[in-house]
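Let me begin by presenting the structure, written as structure tokens, before commenting on it.
Each reported figure results from applying straightforward, stated rules to the coordinates on display, with no laboratory input. Keep in mind that this is a model prediction, so the values were computed, not measured. Cβ placement follows ideal geometry from the backbone for every residue including glycine, while neighbour counts extend to all protein chains displayed.
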Amino acid sequence: MALTKLTKHIVYGATIVQCRFKDLSNLDTTATAVTNWDNMTITPQYSDSILEVRFSGTMSNLTDNSAPNQGTYDSNQVNLIMDINGQTEYIINNAATTSTADHSYQSSAGRREGKAVNMFHRHLPGTTNLQTITMQTSRGSSHGGGNLQCRSGFLMAKEVAGGILTGTPGNAFVN
Amino acid sequence: MALKKVKKTVVFGSVLVAHYGRDISDLTTSSATYVQWGEDIVLQMQFSDSHLELVTTGSVTVDTNAPAGGNYGNVKYVVNNQDEYFLRGIAGANPSRSGGHNHQNQQFGENNGRQNWRHHGMGSALYMNHIHAPNSTNAQVVKTEVACENAGPNFTFEEGYITICEIAGDHYNLT
């Protein structure tokens, strides 16, 4: 009889079933609506697994202060969104929001404010169907024009086997 | 015969082979050339098909006045002298203006007064997240390096902490 590998069912604690990762492509956008940055897929091997999702990157705003935008109240709210299979799973509002400035005279273009952005999230797919994780952004205001630059995105998802009994409150199952 | 522990080779999925963490000392730099933030971390890989999961947290602040032009903090992972992952523009700004202006300070009845505009104090939480595939059991030397995109203001990197995990293969990147 062929030997089979030990599965998570007989391991004390939990195993990492798989780990998937991707360098995201860069995104430049002037949109205020929800806009996709990039996505990655993963297929859970067990329906009771936990997906641990981590993301890091940078978001910076180039504000265009040239006419006709002079005098406008410039405050770009920049949000970071994690969407899984079309459902918004986690939002960090103001992840890279810029400062407010009242331009009483025409100032030149080119002001840019950058921020490191990140997310750490836990998702329970409850199925072995393919999961599509999409990083998105939205902005609360486009006053002052400008372009949002999303760079250095790195997305990682670990499938952690479910059924963990130890070290949890009341030794209950984690999921 | 004494029983031996189960190795990753007989487990379906992955196991956590090694876990390491270290504080990183604070560092201030105004150099456009990357300088090391913290110490070398040397890891001896247990398996050639393992992956290293690198995570760094901390903060960065622009401490002194940013001159005109782009002034941004950058950080990167270097493994065995190869650049692995960059985060550019994690904090900073691009102060600029053009044209002649007549300033009027109505409160003090001053006209054409000189204005000094200082731009500093911007800060950001820092989170770097990366996976590295050594494809070898050779020692891996991990460095975290930082720089100012255009030499100028002081950037202070504080409260750094790095964790590194060796995650055993072979279940990686299953779509």
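Once you've got the Cα coordinates, tell me which of A:Lys8/A:Lys158; A:Lys5/B:Lys143; B:Lys5/B:Lys76; A:Lys158/B:Lys76; A:Lys22/B:Lys4 are over 26 Å apart. Before the final figure, lay out each step's value.
Numbers: A:Lys8/A:Lys158 15 Å; A:Lys5/B:Lys143 36 Å; B:Lys5/B:Lys76 37 Å; A:Lys158/B:Lys76 23 Å; A:Lys22/B:Lys4 36 Å.
The answer is A:Lys5/B:Lys143; B:Lys5/B:Lys76; A:Lys22/B:Lys4.
Across the stretch B:76-90, rounded Karplus estimates of 3J(HN,Hα) from the backbone phi angles (6.51 cos²θ - 1.76 cosθ + 1.60, θ = phi - 60°) give 8, 9, 10, 10, 6, 6, 10, 5, 10, 7, 10, 10, 10, x, 6 Hz, Gly and Pro being marked x. Around the amide H of A:Leu24, modelled in the peptide plane, lie the amide H atoms of A:Gly153, A:Phe154, A:Leu155, all under 5 Å away and 5 or more residues distant in sequence or on another chain. Close amide H contacts of B:Ile24 (hydrogens built in the peptide plane, cut-off under 5 Å, sequence separation of 5 or more or a different chain): B:Gly160, B:Tyr161, B:Ile162.
Of the trypsin sites (Lys or Arg not before Pro) found in the stretch B:1-38, the ones in coil according to DSSP and having at most 13 other Cβ atoms within 10 Å of their Cβ are B:Lys4, B:Lys5, B:Lys7. Sorting A:150-160, A:130-140 by average packing, meaning the other beta carbons within 10 Å per residue, from highest down gives A:150-160, A:130-140.
Close amide H contacts of A:Thr98 (hydrogens built in the peptide plane, cut-off under 5 Å, sequence separation of 5 or more or a different chain): A:Asn76, A:Val78. In order along the stretch B:63-72, phi translates into HN-Hα couplings of 8, 10, 4, 8, x, 4, x, x, 9, 9 Hz, rounded to whole numbers, per the Karplus curve 6.51 cos²θ - 1.76 cosθ + 1.60 with θ = phi - 60° and x for Gly and Pro. Extending 7 Å from Cα along the Cβ direction at B:Arg22 and again at A:Ala31 yields two label points whose distance is 4.3 nm.
3J(HN,Hα) along the stretch A:24-33, derived from phi through the Karplus expression 6.51 cos²θ - 1.76 cosθ + 1.60 where θ = phi - 60°, amounts to 7, 6, 6, 10, 10, 8, 10, 6, 9, 6 Hz, with x in place of Gly and Pro.
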